[in-house]
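The structure under discussion appears below in the form of structure tokens.
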Amino acid sequence: MSFLLDTRTIAVRVRNTALAVALTASRDRLDLNTLDDVEPDVVVSGSLLSLARLAGEDGEALIRDGRIELTGDAMVANDFREL
């Protein structure tokens, strides 16, 4: 895992629901948290379908057309994407 991600957190939120999860990177693992426990460096939000499609090849297009919203540190978001 990249040392650049050490102690960095990404949150994933499903729009129009209470569903949210935070992943915090450490040297050798990813910790799953609630958003109550951490302040994320990056927040990714979208519909459940759009979030699922984000894992596919059209992920960048989903961000460009607004179906996925990305806020926070873009460099951290890119490092998590590469992970």
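The values are calculated or read from the model by the stated rules, or taken from the named source; none is laboratory data. Given the structure is predicted, the values throughout are model-derived calculations rather than measurements. We place every Cβ from the backbone using ideal geometry, glycine too, and count neighbours over all the protein chains shown. Just so you know, the surface numbers come from the protein's heavy atoms only, side chains and all, with ligands and any DNA or RNA stripped out. Shrake-Rupley method; radii C 1.70, N 1.55, O 1.52, S 1.80 Å.
Okay, here's what the table says:
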{"item": "Identity of the residue in segment 7-19, open to solvent by less than 50 Å² (accessible area, probe 1.4 Å) and without any contact (Cβ under 8 Å) to a residue 40 or more places away in the chain, that ends up farthest from L83 (Cα to Cα)", "result": "V14"}
{"item": "Tally, over segment 20-76, of residues that are in a loop (DSSP other than H, G, I, E, B) and either surrounded by fewer than 17 Cβ atoms within 10 Å (Cβ to Cβ) or β-branched (V, I, T) (or both)", "result": "16"}
